[in-house]
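The values are calculated or read from the model by the stated rules, or taken from the named source; none is laboratory data. All values derive from a computational prediction rather than experimental measurement. For accessibility, only protein heavy atoms count, side chains too; no ligands or nucleic acids. Shrake-Rupley method; radii C 1.70, N 1.55, O 1.52, S 1.80 Å.
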Amino acid sequence: MRNKVKYKTSYGLGFVRIYASRMVLLLLACLMLFAVSGCGVDGSKDSKVEGVVNKTGTVQLYHTTDVSVEPDPERYQLMQPDNLSASLDEIIEKIQIQDKLRIDKYLIDGDRNVTLFISEVTPLTEEELLLNKAALIRSVTQLNIGNVILVVSDENGKQIEDATYTDASFYYYEVEKD
C-alpha cells in the first residue's frame, strides 16, 4: 500500500503575514507616488501677486508715466520664454518708456548679465531718467539674468552714466494700490 500524503488547503498564519506586509508596502508606495506627484496639483506654477496671476513664461511689464512707474494690468506672455535674446527683444518692444529716451542696443555676456545702451533723444530731468530706468530694470530683471548694466548717453552721444542694477535696485518705485 502506498502512503497517501494529504495536502493542507488552508494557507495558515504565515501566508497572512506575508500578504499583509506586501499590502502595506504597496500602500506606502502609492502614498509616496502621490506625495511626489503633488496630489493633482498642476505644474504651471501659477501664483497671484497684486491681483495679477503669475504664469510661467510671462513677465510683468512696468511702464513710465509722467510721475510714476506702473505695472501693466495684465502679464505679458513671452513668445520664446527659453530664449533670453528673443525675450529681451519682446520686452524692449512692448515696454512703454518716455519718448525722450531710446534703447539703442543690448549685450548679453556669458554670465547672463545684460548691458542696455540707452540714449536721451531730448534732455531728461533726473526724475524722468530715474523713472525710466526703474521701469526698464523692473521689467527686464524678471528674466533669468544676472545684473543689468545701463549705459546712458546724452543727445550728443556723450556717456553720462554707467551703472549696474539688480532686481531690488528700484524696490521703492513700485506703485502701491490703495
What figure in square angstrom, to the nearest 10, would you give for the accessible area of Met32 with a 1.4 Å probe? 130
Using the Karplus equation 6.51 cos²θ - 1.76 cosθ + 1.60 (θ = phi - 60°), what ³J(HN,Hα) coupling, rounded to whole Hz, does each residue of segment 65-70 give in order, writing x for Gly and Pro? 10, 5, 10, 7, 10, 10
Roughly how many Å² of Leu61 are accessible to a 1.4 Å probe, to the nearest 10? 10
Can you work out the Karplus-derived ³J(HN,Hα) for every residue in segment 56-64? Use 6.51 cos²θ - 1.76 cosθ + 1.60 with θ = phi - 60°, whole Hz, and x for glycine or proline. 4, x, 10, 9, 8, 7, 10, 10, 9
Provide Rg and Dmax in Å for segment 86-169, with only Cα atoms included in the calculation. 12.0, 34
